[in-house]
Amino acid sequence: MVSATAAASQGMWFARTLAFRARTASRPRSRHSGPAPCRLGTARSRVPTCQRFLGPWGTPIMSGGCVSLDCDSAAALPVPAATAAVADATQLQLPEPLASNRYVHPRRKYWLRLTIEEAVLLGLGEIDYQVSDPQAHYTLPWAWTTVWQKMTWQKLGFDTFPFDNDQFAHPGAGMITYEFARSNGFSFAASSVVTLTSSILWKQFGEFQERNFLNSIITTSFAGVAIGEAASQVGSYLDAGRSTPLTQVLSLLVDPVRKVHDWIDGAEPLRTTNVDALGLSRDVGATLRLTGGPMVTRASSTGRADRTYGDFSIGARAHVVNIPGYEDPGRSSRWWDDGNESDLACDLQLGQTGLDDVYFLARVAPVGWFTKSVAGKGEERTGQRFWIGPTVGFDYVIHDYDRLGNGTPPDRFSTSQLGLEFEHDLFFPHGRLRTGLAIQGQFGPVQSLALNRYLSNAGDVGLLPEATRDQGYYWSWGLGAVPAIELRVGPVRAGGLARLDEFHGTYALQAPTAGTVTLRDWAFVGDAWIGVVPTPVLEFAVDGRWRAREGAVDMAVASRGERSILTTATLAF
């Protein structure tokens, strides 16, 4: 059966079809055998719709034959029996984009409030900027020529500020900007434009006597959109089920801006009665995971003996595919265009000297295609489902390979990403095989792993980019790939995941040097696990992890490696 929300969306789609048919009523009819349509021009005319849409694997989006709309002025027209049989056997979903934030009453757009909030945010940013004594960074005069040069993008550059200043402050400002727009009733696309525009305005006028730092605009926009939309998706999912103290608190923590705006506006999220024991919605695809457990690590590095460490790993992940009926049986195919697929993840590793590892990821697919052909429920499901879409992402990675006092700074990199992701599920009785792949181009700062070796070999500092000389990192372009596979049979699951990042340094838009040297780094993390799921919400697993890291500055090369064994317990909702 089609849900009330799906039925409403189908009605809207047919209303647009009706308007189109009205404009073309005078054209000759196609050779379709069946009852003639009733006359157009009357209120709510009845029109048969005889198209057929096919998704991947030939999945019907709308079955053949005619689907009719009720009208006030015509008798009911029969629907062919074959069509009725198909409609009973499949869950029909029309190819209409989905809104990811759903409310009892449609949200209006608060243009004035958004303008005021953005002005206040930029104003507070300017106060903080002036208090920080920015004169040391001024490179442009206070003159009308500066206005013209900046507005025509003649003064571009990459900055040389501390690593975390760039990769914390800019994503934070972008996230708040994006959430202001999103929670004021604007779509994913409109909120993204607001975030990019705000970032450009800040560089043009907020930091008037500095160059337009391209890295700031990229990081603020990409990270703001990725983190802001992922948080919005998780918050909306938590609000789509039964209202409980737990879901209310979690939603407020994940997406506070939207919750405050909803409270001010009296906006009520559209809730479902199809919920699990915790009150979480089962209408869409979503997984919330909390993981923790001890680990033992064996580390190796260039020029040093191997060491062994004992650590404790904790992590959280929220994966949302905000498509109604995602987990239900049936056949359907449709597009989405409102950021309906998202990932938000954070992993921490605690060791003898404190925090040894941080991994943060926010990634969202703004648009995409989803199709499924699934029969049965629960352990009896058979069939397959698939989605694919372009992605916008941001990650922050820090890992201390040399944690026992040799003076080497922790390895770190952070990237803004634009890529493509897909996921495929194959269901069979009492089991599922899931495969996925995310690939992306990426830009961001990378701590040069081989810099100390280059300097100790009497390397020429004058050949290094300005940021490398001042802060130890360089601006890079690169590629990343994350393939994954998991097999579940009954209560047993086994799988693997790999993450590969490659970086190449750039001298573009930076102060000239006496020459150039090659700057490159790559990082790899591979996981393989086997576990058991004794209850639907609890998992125990043993995980083997391999890390490899290598960097080069000119002819100087440095490498690091680790092999770890983890035992973990996971709460999955």
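Coordinate-derived values only; no laboratory data. These numbers were taken from a predicted model, which means no experiment stands behind them. Cβ coordinates were reconstructed from backbone atoms using ideal geometry, including for glycine residues, and neighbour counts include every protein chain displayed.
List of remarks:
- Applying the criteria of a DSSP loop state and at most 11 other Cβ atoms within 10 Å to the trypsin sites (Lys or Arg not before Pro) of region 103-211 yields Arg108.
- Separation between Cα centres of region 462-487 and region 267-322, rounded to whole Å: 25
- Remark: region 326-440 carries a charge dipole of roughly 500 debye about the Cα centre, counting +1 on each Lys and Arg Cβ and -1 on each Asp and Glu Cβ.
- A Cα-only calculation for region 283-572 places Rg and Dmax at 21.3, 68 Å.
- Centre-to-centre separation between the Cα atoms of region 96-165 and those of region 347-398: 30 Å.
- Arg113 versus Thr382: modelled label distance in nm, points set 7 Å from Cα along the beta carbon direction: 5.2
- As an equivalent ellipsoid, region 415-535 spans semi-axes of 43, 15, 8 angstrom, where each value is the square root of five times an eigenvalue of the C-alpha gyration tensor, largest first.
- For a straight C-alpha distance cut-off of 23 angstrom, the lysines reachable from Lys259 (same-chain residues fewer than eight places away being disregarded) are Lys109.
- Legend: calculated FRET efficiency, Ala511 to Val120, from the Cβ-Cβ distance at R0 = 35 Å, rounded to 0.05, equals 0.50.
- Peptides 516-526, 340-350 ranked from most to least packed give 340-350, 516-526, packing being the mean of other C-beta atoms within 10 angstrom over each peptide's residues.
- Nearest-20 debye value, region 111-256 charge dipole, Cβ charges on Lys, Arg, Asp, Glu: 360
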